[in-house]
Amino acid sequence: MDDLLIRGGLVIDGTGAPGREADVSVSAGRIGAIAPRSERPARRVIDARGQVVAPGFIDIHTHSDFTLPLNPRAESKIRQGVTLEVVGNCGFSVAPALPGRAAMLREYLASSAPWLPFGETSFADYVAAFPSTALNVILQVGHNTLRLMTAGMDNRAVTGDELATMERLLAEALAAGAWGMSSGLFTAPGAYADAAEIHALARVLRRHGAAYSSHIRDEANHVTDAVREAIAVAEATGVHVQIAHLKLSGVDNWGGAARLLDEIAAARRRGLAVDCDAYPYDTASNP
Ligand SMILES: [Zn+2]
């Protein structure tokens, strides 16, 4: 006997195939069968006629590392069907926080998450202390945070020593369970980084099989240059690049989406691993 039979829903299986009406049998937490009309007995039957049955959604761009420690049940996300969140976006992560630099990180991020302690922590300790949550979480290291830990808010290129420290902190975080690094090149102090700095860190990502996501340097009149800058990271290092919340800000730029998507499509045709995501609504926000 199965644990669960979800009967008569429109099954959208995530492969891109069109939805089809089917019964879904679940046993021991796994799908046992998907059939047009199942006769398999089940302890619990859900009548899903008129509903959509789909795998859990991945929310690829969130800042829920600010909120999950406060509310690990994440009901608002669960009710939207989200079962996995990618956090630590736009260059912002709450770890690592080095001795003597935690107050700076607190000042930097506290307005977004005044309830977090922002104490000194390695990334590994942060992972260990992260609460059990109702959904799965992929952590990223923030480039702004790495820069705060080294050059602070200084508007300048990092020194060789500082870059080496950033590379070491990134490698430690990846070893501790982070899946990638995000940048926020629109925002200080990440905005002070040049291509060489980002490429050096991207090479660390590449060595660890990790990915790079970017809130790009400009989303308005220079958005094409900013998209090209992100693509160049993939070109120079071979790392997977995710362009975050791709948008065109300002009425002068409206209508340019096809041109931007062409840039990305052309990069993909050259064999580069470049993707983008967008808000699921018409208006824009930052981040
Ligand atoms: Zn952003």
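Worth a mention:
- In this simple spin-label approximation, residue 20 and residue 159 carry label points 7 Å from Cα along the Cα→Cβ vector, and these lie 6.5 nm apart.
- For the chain, the longest principal axis of the alpha carbon atoms and the long axis of helix 160-175 meet at an angle near 20°.
- Other residues within the sphere of radius under 12 Å centred on the Cβ of residue 247, judged by their own Cβ, net out at -4 (K and R +1, D and E -1).
- Using 0.36 nm per residue and subtracting the Cα-Cα separation, the extra length available between residue 110 and residue 249 on full extension is 47.4 nm.
- Surrounding net charge for residue 25, when Lys and Arg each add one and Asp and Glu each subtract one, Cβ distance under 13 Å: +2
- In the stretch 76-123, trypsin sites (Lys or Arg not before Pro) in a DSSP loop with at most 14 other beta-carbon atoms within 10 Å: 79
- Cα centroid separation - the stretch 186-260 against the stretch 88-151, whole Å: 22 Å
- Whole-percent carbon and sulfur share, accessible surface of the stretch 57-276, 1.4 Å: 54 percent
- Entry note, the chain: the mean residue ellipticity at 222 nm calculated from DSSP H runs of n ≥ 4, each adding -39500 (n - 2.57), is -8500 deg cm²/dmol after division by the residues and rounding to the nearest 500.
- Prolate/oblate/rounded label for the stretch 1-42 (Cα gyration tensor, a/c 1.5): oblate
- Charge tally in the Cβ shell below 11 Å around residue 262, where Lys, Arg are +1 and Asp, Glu are -1, residue 262 excluded: +2
- Gain in span if fully extended, residue 257 to residue 270, counting 0.36 nm per residue against the direct Cα distance: 2.7 nm
- Relative contact order, percent, the chain [alpha-carbon distance under 8 Å, six or more residues apart]: 13 percent
- Put 65, 125 in order of accessible area, highest first, and with a 1.4 Å probe you get 125, 65.
- The heavy atoms of residue 208 present about 90 square angstrom of accessible area, all protein chains included, probe 1.4 Å.
- Per-residue packing, averaged as other Cβ atoms within 10 Å, sorts the ranges 35-44, 132-141, 240-249 into the order 240-249, 132-141, 35-44, beginning with the highest.
- Along the chain, longest interval not containing exposed chymotrypsin sites (Phe, Trp or Tyr not before Pro), exposed being DSSP loop plus at most 10 other Cβ atoms within 10 Å: 116-253
- Net lengthening on full extension, residue 225/residue 279 (0.36 nm per residue, minus Cα-Cα): 17.4 nm
- 5 angstrom amide H check on residue 213, placed H, neighbours 5+ away: 181, 182, 183, 242
The values are calculated or read from the model by the stated rules, or taken from the named source; none is laboratory data. Note that this is a predicted model, so its numbers are computed, not measured. When we count neighbours, we look across all protein chains shown, and the Cβ atoms used for this are built from the backbone with ideal geometry, even at glycine. The area values use the complete protein model at the heavy-atom level, side chains included, leaving out ligands, DNA and RNA. Shrake-Rupley method; radii C 1.70, N 1.55, O 1.52, S 1.80 Å.
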